Every structure is written in C-alpha cells, then in structure tokens.
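One structure below.
The values are calculated or read from the model by the stated rules, or taken from the named source; none is laboratory data. What you see is a predicted model; the values in this text were computed from it and never measured. Because the Cβ atoms are built from the backbone with ideal geometry, glycine has one as well, and the counts that use them run over all protein chains shown. We work out accessible area using only protein heavy atoms, side chains counted, and drop any ligands, DNA or RNA first. Shrake-Rupley method; radii C 1.70, N 1.55, O 1.52, S 1.80 Å.
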Amino acid sequence: MFKQRWAALSAKVGLIAALTFSIWLPTSAVGQVASSPVTFDISGATQRLEMITTSSRILTLDQKSPRLLVNNPEIIRATPISPNQVQVSALRPGVTQLNVWDENQQLYTVDVVVSPDARELQMLLQSEFPDAAVRVRPLANSVYLTGYVPSPATVGSIVRMAEDYYPNVINNLTISGVQ
C-alpha cells in the first residue's frame, strides 16, 4: 500500500517538476521559431539552437567546459556561469556557431540561429483585430504578413501598424468574405 502511494506521489512530483523546469516561450503562435526551453543540453558533436533576439538560453554540458568560442560576437554573447554551463544571449538576427570544448578537448559545435522578435506586433494585431487571422513572419529587414482579414480597411490599418515596427512590410493578406 505504501509503495503504491509512493509511486503515485513520485509520478505527480515528476510531472510537476517537468512542467516547472520546462519553461516554454509562446513563439509558435507568431510564426517564428518553434517553442524553445530556457535550458539547452549539449549532447552531440553538432547541434542547432534557435533563438529570438533579446532572449537567452542556459547551455549545459555533462563535463566542465574550460574553453568556448563564439564565431560572430555581434549575433550572440556567451558567458560562462558555472564550470559546465554557459549563458547565451541573442543580440541581433543572424546565424553563427558556438564552439565548446570539454575537459577532454572534445569539441561540441552549436549552430545558433537568431530570428527577429515579432511577438509584440503579433499580440498587438491580435488584440486590435480579433476578427482577423494574421500571421507575422519577421525577416532580416522587413516583415511578411499573411492571413485573412474581414475588410479592406483592416488591411490598411494592419499594414500601417506593422510599418511602425519594420521599415518594409510585405503584405500578403487576403480579405475574407464576399468581394
């Protein structure tokens, strides 16, 4: 009886711990990078990490990592925070590599892809135009808008709002309903 209760309690605690320590960013809804956990375990020789500008991740290696190298420090900054952890901060959009060596001189390469952040624009459009279904996809120097809107007037308003965030707006919005 005690073992059954202990097993049930352990399962619940494990689920709560998994939910607590697996913090996800709601970025899949804005059409950007798929949701990413705050921590990232370096487990293979080559891996890919997707981030959004102004976000950060904690990279963890099983062993101590006495040496690291960022190939393009204008895109990311890597700061050791413990003998086996590195905090990576996304500074601007682009692609670079982070090389991390462990105590045995084993090299681990993380390809880091940093995308622009369109979450604020996406949330603004959702709150101001609840009848519209707009997807915001940030590009290097512009934004790509797709989806459906209820009226032509809505298209103009959405494009003007997007121009506040991006110098170029690529409008691929469709007006729903009878034309």
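Quick notes
- Residue list for the stretch 65-101, given a label point 7 angstrom along the Cα-to-Cβ vector of Ile58 and an amide N cut-off under 20 Å: 65-68, 77-91, 100-101
- Each residue, Val38 and Asn141, gets one label point 7 Å from its Cα in the Cβ direction; the gap between the two is 3.7 nm.
- Expressed to the nearest 5 percent, the antiparallel share of DSSP beta bridges inside the stretch 39-88 is 65 percent.
- Accessible surface, the stretch 47-139, averaged per residue in Å² (probe 1.4 Å): 52
- Förster-model FRET efficiency, 41 Å R0, Thr174 and Arg48, C-beta, rounded to 0.05: 0.80
- Carbon + sulfur, % of accessible area of the stretch 53-93 - ligands and nucleic acids excluded, 1.4 Å: 49
- Among beta bridges that DSSP assigns inside the stretch 102-179, antiparallel share in %, nearest 5: 45
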